[in-house]
1. I'd like to verify a number: residues in region 1-46 that are over 18 Å from Tyr57 (Cβ atoms) and hydrophobic (A, V, I, L, M, F, W, C), how many?
2. Which condition from (1) surrounded by 12 or more Cβ atoms within 10 Å (Cβ to Cβ); (2) part of a loop (DSSP other than H, G, I, E, B); (3) not β-branched (Val, Ile, Thr) is the one that Gln69 breaks?
3. Taking the options Val91, Val72, name whichever one is touching a strand residue (DSSP E or B) at 6+ places or on another chain (Cβ under 7 Å), within 22 Å of Gly10 (Cβ to Cβ) and not charged (D, E, K, R).
4. Does Lys81 meet the test of being modelled with pLDDT of 95 or more and within 15 Å of His95 (Cα to Cα)?
5. List pairs: first in region 96-110 and closer than 17 Å to Gln131 by Cα, second in a loop (DSSP other than H, G, I, E, B) and small (Gly, Ala, Ser), Cβ under 9 Å, 6+ apart or cross-chain?
6. Would it be correct to say that Arg92 is surrounded by 12 or more Cβ atoms within 10 Å (Cβ to Cβ), charged (D, E, K, R) and over 30 Å from Gly6 (Cα atoms)?
7. Test each condition in (1) in contact with an Asp or Glu (Cβ under 9 Å, 6 or more places away or on another chain); (2) in a loop (DSSP other than H, G, I, E, B) for Gln127 and report the one that comes out false.
Amino acid sequence: MTNTKGKRRGTRYMFSRPFRKHGVVPLATYMRIYRKGDIVDIKGMGTVQKGMPHKCYHGKTGRVYSVTQHAVGIIVNKQVKGKILAKRINVRTEHIKHSKSRDSFLKHVKENDQKKKEAKEKGTWVQLKHQPAPPREAHFVRTDGKEPELLEPIPYEFMA
C-alpha cells in the first residue's frame with residue numbers, strides 16, 4: 001500500500017467523528033441558513049459522503065457565492081506551487097458552518113460607533129485605534145527580609 005494516491009488518502013483522523021458524536025447528524029445542521037456573501041468554515045463530516053469537500057479544503061474558510069437546496073458554492077483560496085488561486089467548490093451544508101472569524105471585528109466596529117456617538121454629543125475627541133499594552137506602573141519590590149543576591153557570570157578559564 002505504499003505511495004497510494006486515493007482521493008481520501010491520509011484522512012483517518014481528519015474525517016472521523018468526535019467521541020460520542022457518531023450516528024445521526026443533528027437537525028440543527030440542516031436548519032442553518034446560508035446567504036450569498038456569508039463567510040463559512042469548511043470541515044468535512046465523515047458520516048455524510050455526498051457533497052464532501054476534498055481534503056485540501058478541510059479547515060479552510062471561504063465565502064458563499066451560490067446557494068442551492070442542499071449545497072452551497074464557496075470561493076476558497078488554494079495554494080498551488082507559488083501562487084494562490086481562488087477556487088470555486090460546491091459543498092453540502094453538513095460540511096460547513098458559519099465562521100466566527102469576523103465577529104470580533106464587527107463587535108469592535110459597533111463599539112467604535114458607540115464611542116463616536118458619545119464623543120460627538122460631548123464634543124470631545126476619542127481614541128478609536130487599537131493601543132498596545134502600556135508599560136507597567138512604577139512599584140516597589142518587597143524582599144521580605146531576604147537580602148538581594150548578586151548574579152554575575154563565571155569568569156572564563158582556559159584549560160589546556
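1. Total meeting the criteria: 8.
2. All conditions pass for Gln69, except number (1).
3. Val91
4. For Lys81, the condition - modelled with pLDDT of 95 or more and within 15 Å of His95 (Cα to Cα) - is not met.
5. none
6. So Arg92 does not fit the description; no.
7. Here Gln127 clears every test but (1).
The values are calculated or read from the model by the stated rules, or taken from the named source; none is laboratory data. Remember, predicted model here, so these are calculated numbers, not experimental data. All Cβ positions, even for glycine, are placed from backbone atoms using ideal geometry, and neighbour counts span all protein chains on display.
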